[in-house]
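Beneath this line is the structure, given in structure tokens, with notes to follow.
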Amino acid sequence: MEKYLPVMTGDYKRKHYAEGVFASIRKKTAKISFGIYIFFGIVFVGCAYGFYWAMGRIEDYRLSGQEDMIGAGNFIAGFFAVFALIALASIVITIVRHARGTGVWKKKCAEQSGYTVSDMDEFERQTMDMECRAVSLLDPARALAAGQADGILTRDYIYLADAHHMILKLSDITAACLVRQKVMAGDVPVRKSIEYLTVMLLSKNGNRAIAECSEESGRELIDFLKERFPDIRTADGQVIPAEEFDRLSAG
């Protein structure tokens, strides 16, 4: 258990949660935001230049009497304008997300998880308890490649540090399964299916938490939860496809 669900040391807590869990979530999101600024900033500048170039070509067509080409120029200008607006909107949305204070993040996590801010306060308080554990389901290299941070397992709550920042009460978990995920990668027509393994948790309010894992680490987390709450459904410990977990959720 200490390999994948180690008890947090004081040094670990000071390093990762010195200002609290939600302050840490805010900081991690800010780091992601920086990359988004760069990517969409480049897209915006490129599209703005493309729009400027296209408008220049339209004017050239008009002056040279190539009226039949103006329609194509308008199409190109419109194409660049649409993507420039999308990039600008993405930057604005990211700025708004980045500007959220810790309290706003706490409220957002509460709403997404189906709980109250008081529940989030209790979760954050429990991270400072002696028995609080980290949920470390991937080795450092794989975690870095997947962009996956360690989760948190307290006496009453679990947080897998997924993209939706879902925090679940352990007593509300109805299913915990190893789920095989499939994604398509590559460009048409050369596309291939890539598989990876996740552990998925289902709460009685329908919310889900998900994290990539190895089969060994995922089983350890599931066994830990099953030991505390024997009624949790685990698909008999088998690795199941995502579609089967959906059916399990519906049932």
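Data overview
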quantity	calculated
Residue list for the stretch 93-127, restricted to those being buried (at least 19 other Cβ atoms within 10 Å of the Cβ) and at pLDDT below 75	Thr94
Failed item, numbered, when Ala143 is tested on (1) of a type in the set (Gly, Ala, Ser); (2) more than 24 Å from Arg14 (Cα to Cα); (3) within 16 Å of the chain's Cα centre (by Cα)	(2)
Those strands (runs of 3 or more DSSP E) lying entirely in the stretch 191-251 with at least 3 residues in contact (Cβ under 8 Å) with a residue 12 or more places away in the chain and over 17 Å from Met166 (Cβ atoms)	192-203, 239-241
Some residue of the stretch 160-176 being of a type in the set (A, V, I, L, M, F, W, C), farther than 27 Å from Val117 by Cβ, open to solvent by less than 30 Å² (accessible area, probe 1.4 Å) and touching a strand residue (DSSP E or B) at 6+ places or on another chain (Cβ under 9 Å)	no
Enumeration of residues in the stretch 200-216 that are out of contact with any Phe, Trp or Tyr (no Cβ under 9 Å at 6 or more places or on another chain), small (Gly, Ala, Ser) and open to solvent by less than 30 Å² (accessible area, probe 1.4 Å)	Ser203, Ala211
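The values are calculated or read from the model by the stated rules, or taken from the named source; none is laboratory data. Given the structure is predicted, the values throughout are model-derived calculations rather than measurements. Because the Cβ atoms are built from the backbone with ideal geometry, glycine has one as well, and the counts that use them run over all protein chains shown. Calculation scope for accessible area: heavy atoms of the full protein, side chains included, ligands and nucleic acids excluded. Shrake-Rupley method; radii C 1.70, N 1.55, O 1.52, S 1.80 Å.
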